[in-house]
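Input: a single structure, listed below in structure tokens.
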Amino acid sequence: MPYSAEISRSNPTCFVIIMDQSGSMADVFGGGEGNHRKADTLADVVNRTLHDLVLRCTKEEIRNYFHVALLGYGSNVGSAFAGSLAGRGMVPISDVGEYPARLEDRSKKVPDGAGGLVEQTVRFPIWVEPHANGSTPMCAALDEATSLLEQWLREHPNCFPPVVLHITDGDSTDGDPKSKGQGIGGMRTSDGPVLVYNCHVSSDRSAKIAYPNNADKLPNDFAKTLFEMSSILPSEFRRTGAELGRQLDEGARGFVFNGDAVELIQFFDIGTRPANLR
Amino acid sequence: MSECEDAIGVNLAALRFAVTDGATEAYGARRWARYLATAWVSKDACEADDAAYAEGIGILARRFETRQPTGPTPWYVEAKARQGSFAALLGLSIAPAAQHWSWEAIAIGDCSLVHLLSEGTQASFPIDDPREFGSHPAEIGTTHFSREFLAPILRREAGVLCTGDVLLLMTDAIAQWYLEHCKTDKMRAGEFDETLLSGPSAFERLVGREREAGRLRNDDVAVLRIGVDPVEEVSPRRTR
């Protein structure tokens, strides 16, 4: 049965996060509602996701169940890690945990054990800063991801299939990305094909479409392209969706169109929670 | 073995026994699992009623937290410790009596008790269907121990022990395997019992073989076998 491989230190899996960092990511979500720039929210969600991935692998030390690649595209294409991880491709999660670019103080409510909450100042790690510059060289970013995954799959032919999470707010400016996205989704391990999930975030007030199982209601060719680049969610990921209060149909694709900030957060939650750690 | 996050507690004098299963993704899970097992058999966390049990767990959780590493700690250790630790528990106490001895058990989560009756039937608690084992069992947390939290997930059961009976206390993976392969197959159940009586090496071989065949999940396993011999003395045997 595909997507059943155990994730262990001897057989880790990887996540590839591809972030649109083009100029339009400086716009706010939802046609001006609120003050959240897409680039700021995306950087925050990615930092939270990396934080959570590190904690999932932490016992007293960090165990390398996962490796993570963080790619950005805009005025530059390549590693989006800041600080001492800058320029690195696939990074073991222990290095992600050890080397954030900086730690900032945040206020957090934590359980007091008796059903209440107390406020504490906690250190929060930052790996990626918001960027919004240049055009949208999506194809170049997908080429970069392909190259990283080819090497990963040569070294880990039996791992739980890697998950690619791609976030964009606009059409590619360096060609049609469909074949490149489908090419990644066609790569595989003995446990199944690589999973490619695409989340389109929007400055418009257009209706969002989340995890469709067909392209009938998609508004334009760009949406259809992203749909066709997106993998069908395996049952494990649909179960995670259900735990988050989201009923996902059989055949649902890992694809969101016109997503807002809330949708973006859930997209990462669903995409990064395979449960079979050992 | 050093990374095993299952634990066993045995107090022969008090006839109290426990198996616990530390949550895979939790901080200090092995230590918390041991705390819970030790507390059960030493009566530090008492089963008298839900409120008393919650109070005992609260004291234990504070003791767990005060024994965290001191000095500068990496952000991830600090954050993980803040999330707390979690474990499932099966606790058993046996009470001698002139005629038949009795047992009482509590369970939080999916560690399971199988009672093999000398007459050949068997009963299991709290799970009797292998399909009920999931990846999100109820657990006792160092940050979740109030009576309101524990009461809905704490299960209780009691029974009578007769000469020739056997009690098996098992953590989830091996309990699921047992219910799937031995519950309705007397020959297989007998072979499993023989394996337990043969000692740890035989048990390790069985676990390796069943994992290799894909019948047993690759998870930590702990089994505690308690047999009632013909003179009604309870002899615990520990196998991991």
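Odds and ends about this structure:
Rundown of residues vs (1) within 14 Å of chain A (Cβ to nearest Cβ); (2) part of a loop (DSSP other than H, G, I, E, B), yes/no style:
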residue	(1), (2)
B:Gly134	yes, yes
B:Ala138	no, yes
B:Ile153	no, yes
B:Arg156	no, no
B:Val160	no, no
B:Thr163	no, yes
B:Leu167	no, no
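- Taking segment A:87-118 as the range and being open to solvent by 30 Å² or more (accessible area, probe 1.4 Å), within 20 Å of the chain's Cα centre (by Cα) and touching a residue at least 12 places away in the same chain (Cβ under 8 Å) as the test, the residues that pass are A:Met90, A:Tyr99, A:Ala101.
- Taking segment A:64-73 as the range and being open to solvent by 10 Å² or more (accessible area, probe 1.4 Å) and within 17 Å of the chain's Cα centre (by Cα) as the test, only A:His67 passes.
- Residue match in segment A:48-57 (condition: open to solvent by less than 50 Å² (accessible area, probe 1.4 Å) and more than 12 Å from chain B (Cβ to nearest Cβ)): yes
- Residue match in segment B:38-55 (condition: modelled with pLDDT under 90, closer than 21 Å to B:Ala175 by Cα and either in contact with a helix residue (DSSP H, G or I) (Cβ under 6 Å, 6 or more places away or on another chain) or not polar (S, T, N, Q) (or both)): no
- Conditions (1) among the polar types (S, T, N, Q); (2) in a helix (DSSP H, G or I); (3) within 14 Å of another protein chain (Cβ to nearest Cβ): number failed by A:Ser24: (3)
- Residue in segment A:167-186 that is touching a helix residue (DSSP H, G or I) at 6+ places or on another chain (Cβ under 8 Å), within 14 Å of another protein chain (Cβ to nearest Cβ) and either open to solvent by 40 Å² or more (accessible area, probe 1.4 Å) or part of a strand (DSSP E or B) (or both) present: no
- Selection status of A:Ala210, under 24 Å from A:Gln247 (Cα atoms) and under 18 Å from the mean Cα position of the chain (by Cα): yes
- Scanning segment B:154-199 for residues that are exposed (fewer than 13 other Cβ atoms within 10 Å of the Cβ) and among the aliphatic types (A, V, I, L, M) gives B:Ala158, B:Met187.
- Single residue of segment B:58-81 satisfying the filter (out of contact with any helix residue (DSSP H, G or I) (no Cβ under 7 Å at 6 or more places or on another chain) and open to solvent by less than 50 Å² (accessible area, probe 1.4 Å)) that is nearest to the other protein chains (Cβ to nearest Cβ): B:Trp75
- B:Trp177 meets the conditions (1) out of contact with any helix residue (DSSP H, G or I) (no Cβ under 7 Å at 6 or more places or on another chain); (2) outside any loop (DSSP other than H, G, I, E, B); (3) among the hydrophobic types (A, V, I, L, M, F, W, C) in every case but one. The failed one is (1).
- Only one of B:Tyr53, B:Tyr27 that is crowded, with 16+ Cβ neighbours inside 10 Å and either more than 29 Å from B:Val166 (Cα to Cα) or within 14 Å of chain A (Cβ to nearest Cβ) (or both): B:Tyr27
The values are calculated or read from the model by the stated rules, or taken from the named source; none is laboratory data. Predicted, not measured: the structure shown is a model, and the values here were computed from it. Cβ sites come from the backbone with ideal geometry, for glycine too, and all protein chains shown count toward neighbours. The area values use the complete protein model at the heavy-atom level, side chains included, leaving out ligands, DNA and RNA. Shrake-Rupley method; radii C 1.70, N 1.55, O 1.52, S 1.80 Å.
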